[in-house]
Amino acid sequence: MPYVGRFAPSPTGSLHAGSLVAALASFLDARVHGGSWLVRIEDVDEARTVPGSADDILQTLRTLGMQWDGELIWQSRRSGLYQQACTQLGEHVFGCACTRKEIEQASGRLGSDGAAIYPGTCRNGLPAGRQARALRLKVPPPGPDSRISFHDQWFGDVSQDLATDVGDFVLRRADGYWAYQLAVVVDDALQGVTDIVRGADLLDSTPRQLYLQRLLGYPAPRYLHVPTVSNARGEKLSKQTGATALDVRNPLQPLKQAAGFLGLDVEDAVTTGMFWQRALAAWERLLGETQERDAGA
Ligand code: GLU
């Protein structure tokens with residue numbers, strides 16, 4: 001199967017040093033495999049979209065020399081496809097009337113992402129007099145079916161129990177927007193993505209996505225999560241934690257910084273041409289090392 005990779009930024013601000021690391025890793029992986037590299041604008045959460053930031057991100061990618069292949073996809077234009085997938089999930093989906101506060105009060109258990117685990121209130125039907133606000137996916141009861149394991153090319157073997165670590169999760173939110181978990185699975189499958197390279201903050205979402213792929217009959221892609229960049233307070237660098245836009249007047253500087261973070265030896269590159277040569281060779285070596293590690297494990 002030909003390699004198809006992708007970078008899927010949410011347009012909630014400009015590209016910053018953290019998101020550049022994910023973009024660079026997915027770009028290098030696609031190029032080293034002679035594959036295509038798609039860019040998808042994940043503006044499914046329209047409430048968080050910052051006008052102009054998608055164009056800004058795309059312009060920054062071009063300036064840095066990361067030109068995508070094929071057509072750009074915008075999630076905000078694809079809600080019909082998410083609706084179809086949700087219909088296909090049939091009896092695995094249920095309407096949920098609970099507010100966040102009700103879930104927190106009834107749950108008593110926190111999931112791996114720090115949010116209260118859904119206590120199952122509406123799982124077998126809405127309580128009398130209540131209306132559905134969101135749609136949720138039923139996860140299997142605790143046991144062999146609820147445990148999802150996969151191999152990550154950077155982090156090794158990863159395993160999560162959907163019943164005890166996550167709970168029934170949202171597919172369509174109370175504000176009417178489709179949830180990231182569903183949109184990303186539908187789009188990766190419809191775009192024929194074979195390899196997902198992204199930040200480790202999404203490692204925890206991968207079992208949910210694998211489970212959805214299984215229910216929808218989609219093939220599972222390979223995964224490689226790269227470490228996330230932190231700020232001085234140890235928080236993941238993001239627009240919420242105050243990451244600033246990249247200064248791309250001298251593209252070599254942010255590129256070298258991102259590559260250095262990934263442990264790629266690009267120090268002696270003095271032109272962007274040299275940078276790409278060094279970075280591709282270094283990424284290939286890194287993949288070879290992780291494969292050796294996995295073979296010896
Ligand atoms: N849109 C997500 C983000 O910007 C990335 C999704 C993904 O790579 O699966 O954090």
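Might you let me know whether segment 157-179 holds any residue that is surrounded by fewer than 15 Cβ atoms within 10 Å (Cβ to Cβ) and closer than 29 Å to D294 by Cα?
Yes; the residues of segment 157-179 include at least one that is surrounded by fewer than 15 Cβ atoms within 10 Å (Cβ to Cβ) and closer than 29 Å to D294 by Cα.
So R172 ticks every box in (1) within 13 Å of the ligand (Cβ to nearest atom); (2) touching a strand residue (DSSP E or B) at 6+ places or on another chain (Cβ under 8 Å); (3) not aliphatic (A, V, I, L, M) but one. Which box is left unticked?
(1)
Could you list, in sequence order, the residues of segment 12-21 that are near the ligand (Cβ under 9 Å from one of its atoms), under 11 Å from T49 (Cα atoms) and either touching a strand residue (DSSP E or B) at 6+ places or on another chain (Cβ under 9 Å) or not in a loop (DSSP other than H, G, I, E, B) (or both)?
Hits for segment 12-21: nothing passes.
Any idea which of G125, G95, G108 is at pLDDT below 95 and either farther than 18 Å from D204 by Cβ or exposed (fewer than 15 other Cβ atoms within 10 Å of the Cβ) (or both)?
The match here is G108.
If you go through segment 268-289 one residue at a time, do you hit one that is of a type outside the set (S, T, Y), surrounded by 15 or more Cβ atoms within 10 Å (Cβ to Cβ), farther than 25 Å from R62 by Cβ and at pLDDT 95 or above?
yes
Quick check, is A243 part of a helix (DSSP H, G or I) and within 16 Å of the ligand (Cβ to nearest atom)?
Judged against the criteria, A243 is not a match.
Just to be sure I understand the filter: pairs with C-beta atoms under 6 Å, separated by 6 or more residues or on different chains, first member in segment 22-44 and assigned to a helix (DSSP H, G or I), second member at pLDDT 95 or above and aromatic (F, W, Y). Which pairs pass?
The qualifying pairs are A23/F7; S26/F7; F27/W37; L28/W283; A30/W37; V32/W283.
So, W74, is that one touching a residue at least 12 places away in the same chain (Cβ under 8 Å) and more than 23 Å from V226 (Cα to Cα) or not?
It is true that W74 is touching a residue at least 12 places away in the same chain (Cβ under 8 Å) and more than 23 Å from V226 (Cα to Cα).
List pairs: first residue in segment 230-245 and more than 13 Å from L15 (Cα to Cα), second residue part of a strand (DSSP E or B) and among the basic types (K, R) anywhere in the structure, Cβ distance under 9 angstrom, at least six positions apart or on different chains.
Every condition considered, the pairs that remain are S230/K236.
Would you pick out the residues in segment 1-11 that are within 12 Å of the ligand (Cβ to nearest atom), part of a strand (DSSP E or B) and not charged (D, E, K, R)?
G5, F7
Kindly indicate which of L264, L203, L224, L246 is surrounded by 16 or more Cβ atoms within 10 Å (Cβ to Cβ) and closer than 17 Å to D113 by Cβ.
The conditions single out L203.
Which one is farthest from the ligand (Cβ to nearest atom) among residues in segment 22-33 that are buried (at least 21 other Cβ atoms within 10 Å of the Cβ) and farther than 15 Å from A245 by Cβ?
Top of the filtered list is L28.
Tell me which of these D152 doesn't satisfy, since it passes every other one: (1) within 30 Å of E292 (Cα to Cα); (2) away from the ligand (no atom under 16 Å from the Cβ).
Here D152 meets the rest and fails (2).
Can you spot a residue in segment 50-70 that is more than 16 Å from the ligand (Cβ to nearest atom), free of Cβ contacts under 8 Å to residues at least 60 places away in the same chain, outside any loop (DSSP other than H, G, I, E, B) and among the β-branched types (V, I, T)?
Within segment 50-70 (the criterion being more than 16 Å from the ligand (Cβ to nearest atom), free of Cβ contacts under 8 Å to residues at least 60 places away in the same chain, outside any loop (DSSP other than H, G, I, E, B) and among the β-branched types (V, I, T)), the answer is no, since none of the residues qualifies.
The values are calculated or read from the model by the stated rules, or taken from the named source; none is laboratory data. Remember, it's a predicted structure, so these values are computed and weren't measured experimentally. FYI the Cβ positions are ideal-geometry reconstructions off the backbone, even for glycines, and counts take in every protein chain you see.
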